[in-house]
Amino acid sequence: MANTVDWSLEEQGLLSIRSRGHFNRTLPPMEQDQQLYWESGNYVVAASMLTALAVLVSYRRKHKAKRYFEELNA
């Protein structure tokens, strides 16, 4: 949105500042094996987090059902 406003007002100074910033934050190139390592690591971490979340939700659900059952039988 800001680039559109700058372009419509023809603010060349602001446009040149914004356009330079896009190329300063690029990642350095990686070798194929290094890229595969990081990609695999990301998948393992994501799968581990999802598994941990599923275990936590299951534990809480069972604990909550047990508590309700104990209150009904009291």
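The values are calculated or read from the model by the stated rules, or taken from the named source; none is laboratory data. Computed from a predicted model, the values in this text were never measured in an experiment. For neighbour counting, all protein chains shown are included, and Cβ atoms are generated from backbone atoms with ideal geometry for every residue, glycine included.
Below are the figures for this structure:
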| read-out | value |
| --- | --- |
| Residue check, N3 modelled with pLDDT of 90 or more and assigned to a helix (DSSP H, G or I) | no |
| Number of positions in the stretch 24-37 that are surrounded by fewer than 10 Cβ atoms within 10 Å (Cβ to Cβ) and either in contact with a Leu (Cβ under 9 Å, 6 or more places away or on another chain) or assigned to a helix (DSSP H, G or I) (or both) | 3 |
